[in-house]
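Here is the structure we will look at, set down as structure tokens.
The values are calculated or read from the model by the stated rules, or taken from the named source; none is laboratory data. This structure is a prediction, so every number in the text was calculated from the model and none was measured. Backbone-built Cβ (ideal geometry, glycine too); neighbour counts: all protein chains shown. Remember, those area values only see protein heavy atoms, side chains included, never the ligands or the DNA or RNA. Shrake-Rupley method; radii C 1.70, N 1.55, O 1.52, S 1.80 Å.
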Amino acid sequence: MTVLPYLVAGWIFLIGVYGLVTSRDLIHAVGCLAVTQSSTYVLLLAVGYRDGGTAPVFADAPTDSRVVDPVVQALALTDIVVGATVTALLLALVVQLRKRHGTVDPDALSELKG
Amino acid sequence: MDTARLLPLVVAAPLIGAAVLVATGRRLPRLASDVLGCAFATVTAVLALLVLFRAGHPGPEAYPVEWVGGWRPVGGRGVGIVLVGDPLGAGLAALASLLVVAVLVYSWRYFEEPPRRHTGSFPALILVFQAGMCGFALTGDLFNAFVFFELMGVVAYALTGFRVEEPKPLQGALAFGVVNSLGAYVTLLGITLLYARTGELGFAQIGRKLDAGEPDGLVLAAFVLVTTGLLVKAAAVPFHFWLPDAHAVAPTPVCMLLSGVMVELGVYGVARVYWTVFAGPGGLAHADFTRALLVLGVLTALLGAVMCWQQRHLKRLLAFSTVSHTGLFLIGVAVLTPEGISGTALYVLGHAGVKAALFACAGVLLDRYASVDEHELFGRARELPEVGALFAVGGLALCGLPPFGSGLGKAIAEEAAGHTAGWLLALYVLVSAVTGGAVLRAGLRIFAGVGRRPRDGQESGPETTGEEEPETGRRLGRIPVPLLAVPAALLAGSLALGVIPAVASAVDRAGALFTDTGGYRRSVLDGRAAAVPASVPPHWQATGILLGLLSTALAITLATLAVRRPVRTGTAALLAPVRRLQSGHIGDYVAWLVAGTALLTVLTVPGVR
């Protein structure tokens with residue numbers, strides 16, 4: 001196990017945040033948010049990984065065999081469900097905004113200043 | 001029934017209610033779905049109150065602990081999910097539930113026409129929101145806290161953008177959604193780091209494992225990451241930008257919940273995580289936590305007050321007042337004493353009633369005049385003396401006027417803060433005077449027409465006026481009873497909190513139990529009863545009353561001066577750069593979030609030894 005997966009997770013997060021900050025399109029921004037979330041999947045799986053471990057399913061493996069951490073897999077699954085909900089809702093809001101406002105450029109949305 | 005057994009029901013009851021409403025809502029008439037929603041919310045409130053009344057007394061019930069599904073920890077290692085009904089969490093669950101009942105009654109006549117074939121969708125969403133808030137207040141598990149955090153977040157984004165026919169609510173909901181979700185993912189990164197270090201997810205288990213070792217960079221990083229997300233929800237500066245945008249555009253009943261209790265749950269989360277996970281020798285030293293949170297709290301209180309004073313959009317004004325009060329709550333938590341916690345808890349309870357009542361009054365104005373603009377409404381609401389009276393009482397209570405609950409909470413919290421640094425007393429007085437003064441100023445102009453009619457074009461820089469569509473199908477003629485009764489009841493509740501001595505002593509016990517880290521861990525993991533320490537319950541003291549009266553007098557003076565002499569252009573120009581930060585641009589808000597995380601890191605770095 002190396003430090004590489006942790007660096008990858010950090011990199012993905014920073015790239016997503018960079019995209020969010022510079023985004024000129026709200027669909028793209030929601031995509032970037034999903035990218036930042038992907039970093040949490042990578043980090044979770046990296047934390048639960050064990051060298052030489054197999055899937056934590058004991059149906060056809062001896063009970064003392066080396067397995068990866070099943071908890072982080074459950075966490076990652078929950079995380080994915082949460083992320084899918086958030087992304088779907090935000091995209092729906094963007095679609096509606098395009099209909100009512102005629103633009104998806106965050107620079108053009110200036111009604112809430114000050 | 002065992003108190004602990006009630007805990008899962010507090011979360012499950014509103015979820016069941018929401019499911020029933022989603023399944024049957026469109027076939028039911030409006031009245032039936034409203035009654036159904038209110039019934040489920042009330043049942044939840046009763047359950048939460050039952051837990052609250054039984055918790056906090058000496059004996060095994062001090063911390064009702066429920067391992068869901070009977071998955072108790074084995075040898076100190078947890079495998080299951082735990083719900084803990086400590087008095088403070090149970091109190092917040094009860095507060096959220098009572099506020100939800102008030103909001104559902106208020107919106108009974110508020111949304112005149114639900115969208116076709118969508119009857120029941122609004123109460124169903126509110127019930128899911130209630131489940132998220134109650135779950136967040138009662139959970140004893142860090143990952144569960146993240147899930148409930150996102151559950152209440154997602155519903156709140158949907159509720160903010162509930163009026164999908166208008167562009168402004170959609171913008172507010174988007175900024176809210178992106179910034180809060182990003183905060184939640186940052187929190188999840190921190191939770192993962194803690195899991196990597198300890199192999200546990202429960203507050204108590206993580207705390208114990210951390211205390212077996214020395215604090216290092218990883219613990220610090222985990223603290224910063226976890227706290228960042230919670231501070232985003234709490235709208236601490238510089239994570240606060242989403243709040244005014246979302247609160248200004250959300251339907252008024254939703255504002256009552258967002259400002260009244262959801263934001264405060266963020267503060268609760270910070271306090272909860274610190275006291276149960278990081279307060280031991282393996283976590284973050286007390287001095288470092290105090291420094292970090294005090295700086296953010298003071299910044300939040302001051303910036304919120306300045307921006308609050310500058311607004312003419314009534315809902316934005318109230319939203320910024322929430323920001324500045326959150327700053328005061330953070331200071332109360334930062335001083336790390338039981339008095340600070342219990343004072344802040346009482347302040348939060350009182351503030352919730354007052355702020356929700358003020359939003360309710362703003363909602364009446366919006367529905368009658370299709371505007372919440374202070375200048376536009378000048379003198380027009382003279383025909384609504386009852387609403388004006390409620391608004392004025394709300395403004396005075398916001399200043400901390402004795403004997404309101406907000407006043408008693410402020411008095412206890414500011415005394416606790418004053419022990420840490422004397423100038424914090426002045427900050428409490430100043431901030432509550434400015435925010436209360438801004439509300440009184442708006443009230444004087446709108447309901448009494450005092451002073452000169454404000455002219456437009458005086459201010460420079462960006463300006464958000466409050467001309468919008470009413471949220472009822474047509475403009476209100478007569479004001480329906482629930483729209484007046486709900487704010488009156490909320491203000492009465494806030495008053496009762498300050499007058500009934502039993503409330504203060506219960507909150508005092510809650511604060512003492514909350515700050516007893518070892519007691520929490522022992523009751524959750526070892527099933528041992530926590531000892532309730534004996535102390536003198538807080539009560540009205542001469543200094544508290546005087547300072548409360550002082551800030552009220554200051555607020556009235558400020559409001560009168562502002563009405564008599566409108567703001568000069570010079571002051572407005574001076575503050576224009578501060579206002580320009582609130583750009584409404586999602587990218588800017590995300591950049592500020594990153595900057596805030598960096599600031600938090602810098603403030604806590606001396607904690608690494």
Next item on the list: Classify segment B:268-319 as rounded, prolate or oblate from the Cα gyration tensor: take a ≥ b ≥ c as the square roots of its eigenvalues, call it rounded if a/c is under 1.5, otherwise prolate when a/b beats b/c and oblate if not.
Entry: oblate
Next item on the list: Place a label point 7 angstrom from the Cα of A:Val3 along the Cα-to-Cβ direction, then list the residues of segment B:573-609 whose backbone nitrogen is under 13 Å away.
Entry: none
Notebook entry, point to check: Chains B and A: what accessible area do they bury, summed, in square angstrom to the nearest 100, with a 1.4 Å probe?
Noted result: 3900 Å²
Notebook entry, point to check: What's the FRET efficiency of B:Phe53 with B:Glu214 using the Cβ-Cβ distance as r and R₀ = 51 Å, to the nearest 0.05?
Noted result: 0.75
Notebook entry, point to check: So, with +1 on the Cβ of K and R and -1 on the Cβ of D and E, and no other charges, what is the size of the charge dipole of chain B about its Cα centre, to the nearest 20 debye?
Noted result: 760 debye
Next item on the list: Round to the nearest 10 and give me the degree value, 0 to 90, for the angle of helix B:542-564's Cα axis relative to the longest principal axis of chain B.
Entry: 30 degrees
Next item on the list: Answer with one residue from A:Ser38, B:Gly207, B:Leu495: the one whose Cα lies farthest towards the positive end of the charge dipole of the protein assembly as shown, charges on Cβ with Lys, Arg +1 and Asp, Glu -1.
Entry: B:Leu495
Check: Counting only the backbone N, which residues of segment B:148-166 are under 16 Å from the spot 7 Å out from the Cα of A:Leu77 toward its beta-carbon?
Finding: none
Next item on the list: For segment B:126-248, just say rounded, prolate or oblate: build the C-alpha gyration tensor, square-root its eigenvalues into a ≥ b ≥ c, call rounded for a/c under 1.5, and beyond that prolate if a/b exceeds b/c, oblate if not.
Entry: prolate
Note to self: For chain A, what does the accessible surface come to per residue with a 1.4 Å probe? Please give it in Å².
What the structure shows: 52 Å²
Item checked: Charge sum, other residues only, whose C-beta stays under 13 Å from B:Thr139's C-beta, Lys/Arg counted +1 and Asp/Glu -1 -> -3
Checklist line | Nearest-20 debye value, segment B:148-300 charge dipole, Cβ charges on Lys, Arg, Asp, Glu | finding: 80 debye
Notebook entry, point to check: Farthest toward the dipole's positive end in chain A, which of A:Pro70, A:Ile27, A:Val8, given Cβ charges of +1 (Lys, Arg) and -1 (Asp, Glu) about the Cα centre?
Noted result: A:Ile27
Item checked: Residue-count net charge about B:Val270 - beta-carbon cut-off 13 Å; Lys, Arg +1, Asp, Glu -1 -> +1
Checklist line | Alpha carbon centroid spacing (whole Å) that separates segment B:203-230 from segment B:389-411 | finding: 38 Å
Next item on the list: Could you tally the net charge around B:Thr227, taking each other residue with its Cβ under 15 Å from the Cβ of B:Thr227, Lys/Arg +1 and Asp/Glu -1?
Entry: +2
Notebook entry, point to check: Once the piece of chain linking B:Val481 and B:Arg72 is laid out straight, how much longer is it, given 0.36 nm per residue of separation minus the C-alpha distance between them?
Noted result: 142.3 nm
Next item on the list: Run the 1.4 Å probe and let me know the accessible area of B:Lys410, rounded to the nearest 10 Å².
Entry: 0 Å²
Note to self: Between A:Ala88 and B:Leu550, how high is the FRET efficiency from 1/(1 + (r/R0)^6) when r is the Cβ-Cβ distance and R₀ = 60 Å? Nearest 0.05.
What the structure shows: 0.70
Checklist line | Semi-axis lengths, Å, segment B:1-77, gyration tensor of Cα atoms, sqrt of 5 times eigenvalues | finding: 32, 16, 6
Next item on the list: Run down the lysines and flag those whose C-alpha is under 27 Å from the C-alpha of B:Lys233, throwing out any fewer than 8 positions away in its chain.
Entry: A:Lys113, B:Lys168, B:Lys315, B:Lys355, B:Lys410
Notebook entry, point to check: In degrees between 0 and 90, to the nearest 10, how far off the longest principal axis of chain A does helix A:26-48 point, with axes built from Cα atoms?
Noted result: 20 degrees
Item checked: Between segment B:581-607 and segment B:1-64, the Cα center-to-center distance that results, in Å -> 38 Å
Next item on the list: Compute the accessible area per residue over segment B:473-519, keeping the other protein chains in place, probe 1.4 Å, unit Å².
Entry: 42 Å²
Notebook entry, point to check: Picking from B:Pro402, B:Phe378, B:Gly388, whose Cα lies most toward the positive end of the charge dipole for segment B:363-413 (charges on Cβ: Lys, Arg +1; Asp, Glu -1)?
Noted result: B:Pro402
Checklist line | Surface/4 estimate of mean projected area, convex hull on alpha-carbon atoms of the protein assembly as shown, nm² | finding: 29.7 nm²
Notebook entry, point to check: Separation of segment B:113-180 and segment A:1-61 by C-alpha centroid, Å?
Noted result: 26 Å
Check: Which shape class applies to segment B:307-373: rounded if a/c is under 1.5, otherwise prolate when a/b exceeds b/c and oblate if not, where a ≥ b ≥ c are the square roots of the Cα gyration tensor eigenvalues?
Finding: oblate
Next item on the list: Please work out how much accessible surface B:Leu550 shows to a 1.4 Å probe, ignoring ligands, DNA and RNA, in Å² rounded to 10.
Entry: 90 Å²
Note to self: Helix B:87-108 against the longest principal axis of chain B: what's the angle in degrees, Cα atoms only, rounded to the nearest 10?
What the structure shows: 30 degrees
Next item on the list: May I ask you to give the average projected area over all directions of the convex hull of the Cα atoms of chain B, in nm² rounded to one decimal?
Entry: 24.4 nm²
Next item on the list: Mind putting a number on the dipole of the protein assembly as shown about its Cα centre? Charges go on the C-beta only, +1 for Lys and Arg and -1 for Asp and Glu, and I need it in Debye to the nearest 20.
Entry: 1340 debye
Check: At a 1.4 Å probe, what is the % contribution of carbon and sulfur to the accessible area of chain B?
Finding: 67 percent
